[in-house]
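Inspection log for the structure reproduced underneath, given as structure tokens.
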């Protein structure tokens, strides 16, 4: 009986990740494009972290959450992009079973952590606009740390849940993952055992970690709009709305592409290309959106550059 059970275990030890296309030759142009995107993502988010940590004016709840978003975006893009770059540069598309599950686990960790963090950031803006006098009291240092820990904890729970769901399935062929990274839904399609329980669990996660935070964000912004509409001057309304514009833009990009990938994939002709938006493009655009639309970030960035440039020039003259 033990022998029969062992034979029923996973037979596939290596998966073939299709990538962005079925092309069997290296795609150097795409490699350079995605390498540039990845470098901009990492450097841009590191700059945001440096600016926030170096400026005492930015040591507020809003920028604390933004710093965490930058950390998530750096790791989030690093989960998928390096493997994609390797595939594009070498056309070697294989990944071990353990490597596939590991990539899936990290991806599910950070995709859910970011969903909840965006909801927390929406709540932060709601409190700042609707309860400005009690803002620092409501979102105290202890509260915001707990909020961020809760976001990361939700990501960890989801990661473990999805990994266990996949590990309980049998894979006896085919082994071709029709995506540019290992994710839950492509692996469900490859399983030769019944994936319905795993699919049900995944659907619950989509509702709790996707639809739930998005609904909360929309309701929160509805209340923000209602509060702002009561401001008598148009200048005051515009100034208040501008503090939410960056966050709402990020939410629209992230959830807009995510919905087509997970909730209504049938509406998209190529889910992989839509997935590029929220897995690769959004982490790159986040620091650009926040730095271009945020006066305080721009001022702190200018100050940081003005402080460090003379030091660099001084060192060069000494040499």
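When residue 196 is tested against (1) at pLDDT below 85; (2) more than 17 Å from the chain's Cα centre (by Cα), exactly one condition is not met: (1). Looking across region 200-211, just one residue is surrounded by 15 or more Cβ atoms within 10 Å (Cβ to Cβ) and free of Cβ contacts under 8 Å to residues at least 40 places away in the same chain, and that is 208. Every test in (1) assigned to a helix (DSSP H, G or I); (2) in contact (Cβ under 8 Å) with a residue 24 or more places away in the chain is passed by residue 215 save one, and that test is (2). Only residues in region 14-34 that are in contact (Cβ under 8 Å) with a residue 40 or more places away in the chain and at positive phi count as the first member; pair them with residues that are surrounded by 17 or more Cβ atoms within 10 Å (Cβ to Cβ) and not in a loop (DSSP other than H, G, I, E, B), Cβ under 8 angstrom, at least 6 apart or cross-chain, and list the lot. Listed pairs, sorted by first residue: 19/84; 19/87; 19/88.
Can you name the residue in region 73-98 that is in a helix (DSSP H, G or I) and without any contact (Cβ under 8 Å) to a residue 60 or more places away in the chain and, of all such residues, is nearest to the chain's Cα centre (by Cα)? So the residue we want is 75. Filtered by the rule that a residue be assigned to a helix (DSSP H, G or I) and in contact (Cβ under 8 Å) with a residue 40 or more places away in the chain, region 46-62 gives 47, 48, 50, 51, 52, 54, 57, 58, 61, 62.
The values are calculated or read from the model by the stated rules, or taken from the named source; none is laboratory data. Please read these numbers as outputs of a predicted model, since none were measured by experiment. Note that each Cβ is placed from the backbone with ideal geometry, even for glycine, and that neighbours are counted across all protein chains shown.
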